Amino acid sequence: MNVFEKDSNIFQLLSEGISEGIILVNTSQEIVATNSSAEEMFGYKKNELIGKALECIIPRRYHHKHGGHFSSFMKKSEKRKMGHGRDLSGLRKNGEEFPVEAGLNPFTLYGQSYVMALVTDITERKNYTLNLEQTVKERTKQLTDALEKEKELNELKTRFLSLVSHEFKTPLSSILTSVTLLSKYKESTQQEKRDKHVNTIKSKVRQLDTILNDFLSVERLELGKVKYTIEAFPLSRVINEVVYDANMLLKTGQQIRYPDNVDEVVVTFDEKTLALALSNLLQNAIKYSPEETTIKIIFTITDDNFIIQVVDEGIGIPKKQQKHIFDRYFRAENALLNQGTGIGLNISKQHLENLGSTLSFESQENVGSTFTIQIPKTIKSTTQ
């Protein structure tokens, strides 16, 4: 006879008032008594656990170690939390596992040794902890990202101020020098010298105007205040204007090879955007190519696109830095001695992409670069 049957009323009275699950086992690890909380917790009916091996409520992967732990515990015969420092799991009748905490209390009754386990289902606590850890992890990542972004913005601000200071200071110094020298050439026979300095002033003013337009274009793009006018126009008109302006910047022996197949081509696009992009590419090709080189403009047509390429024989872009070439204010390490804001390619690409076009490139250091504008033949009117 189960010794607990002698005192079943007392056991039921005491155990049913406890929210934790109570499971009593003998030295053979046989369950001899439970309360309703334990039965509900493990998914069994009333008294269904009585007589079953304790392993029926322990996941199978722990069975090979459990016997040794139990024997060691019985020898020491002291109260303690089972699995202290380890995650414990219980096994329901339907095979479902769930996290538990278990306090073990050995005792002797009627000359026989038993262990009473107080079992608590900690699923909600575990989930709360996991959710809290995930939330902390996400918040930490957000904070780290925010700090990194702030750091990048501060670096960008510093680089921008340095850039503006340098890019404005150089042409302004040239203008001031030319103006000062002009005042010294008062004789009519010195007109050639005056013209030289007047041309320098004009060139530097155009340079400042370009820089200002680049900065204004960046601001309009960021604020979403760019308006595009989509209309049909002769491609030759844009190329002629861009090449005319670029010719003034050519170094000794440099030349621009004009495409011979654009005279009859009509493009439907935003004319200013195309002129801006082409002008930027040509100016870069001139700036980063040595004297006595040829810069080619190549035009091709596919079934879906107009393709314009600017090919130079310049310094090229280092392979490891090519992924940054369209980043705002970025300048390759081999181009730092040349004047430039690092804005032109960035805004050209953004404008073109806003209109469904693309700007890409191929480059090899010390060989040259090819920049490609691809414009769809069909484009819808758009405003940003």
- prompt: Looking only at the range 336-346, which residues are within 22 Å of the chain's Cα centre (by Cα) and at pLDDT 75 or above?
  reply: Ile343, Leu345, Asn346
Pick from the range 182-210, criterion of a type in the set (D, E, K, R) and open to solvent by less than 100 Å² (accessible area, probe 1.4 Å), ranking: farthest from Leu250 (Cα to Cα): Arg194
query: Can you tell me which residues in the range 152-191 are at pLDDT 80 or above and within 23 Å of Ile343 (Cβ to Cβ)?
result: Ile175
- line: Expected output for the range 229-251 (first residue farther than 18 Å from Val265 by Cβ, partner open to solvent by 80 Å² or more (accessible area, probe 1.4 Å) and of a type in the set (Asp, Glu), Cβ below 9 Å, 6+ apart or cross-chain) is Lys251/Glu291; Lys251/Glu292
query: With Glu264, Glu291 as the choices, which residue is open to solvent by 70 Å² or more (accessible area, probe 1.4 Å) and either farther than 23 Å from Pro234 by Cβ or in contact (Cβ under 8 Å) with a residue 40 or more places away in the chain (or both)?
result: Glu291
field: Single residue of the range 75-103 satisfying the filter (modelled with pLDDT under 85 and open to solvent by less than 70 Å² (accessible area, probe 1.4 Å)) that is farthest from the chain's Cα centre (by Cα)
entry: Gly103
message: Return the residues of the range 358-371 that are part of a strand (DSSP E or B) and more than 19 Å from Asp327 (Cβ to Cβ); say none if nothing qualifies.
response: Gln364, Gly368, Thr370
Residues within the range 347-374 that are buried (at least 19 other Cβ atoms within 10 Å of the Cβ), over 25 Å from the mean Cα position of the chain (by Cα) and farther than 17 Å from Phe306 by Cβ, tallied: 3
message: Looking only at the range 279-301, count every residue that is within 19 Å of Leu352 (Cα to Cα) and either assigned to a strand (DSSP E or B) or at pLDDT 95 or above (or both) and tell me the total.
response: 5
- line: Restricted to the range 107-135 and to residues being within 25 Å of Arg61 (Cα to Cα) and without any contact (Cβ under 8 Å) to a residue 40 or more places away in the chain, the residue farthest from the chain's Cα centre (by Cα) is Ile122
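The values are calculated or read from the model by the stated rules, or taken from the named source; none is laboratory data. These numbers come from a predicted model, not from an experiment. No Cβ is skipped: glycine too gets one built from the backbone with ideal geometry, and neighbour counts run over all protein chains shown. Ligands, DNA and RNA are excluded from the accessible area calculation, which covers all protein heavy atoms including side chains. Shrake-Rupley method; radii C 1.70, N 1.55, O 1.52, S 1.80 Å.
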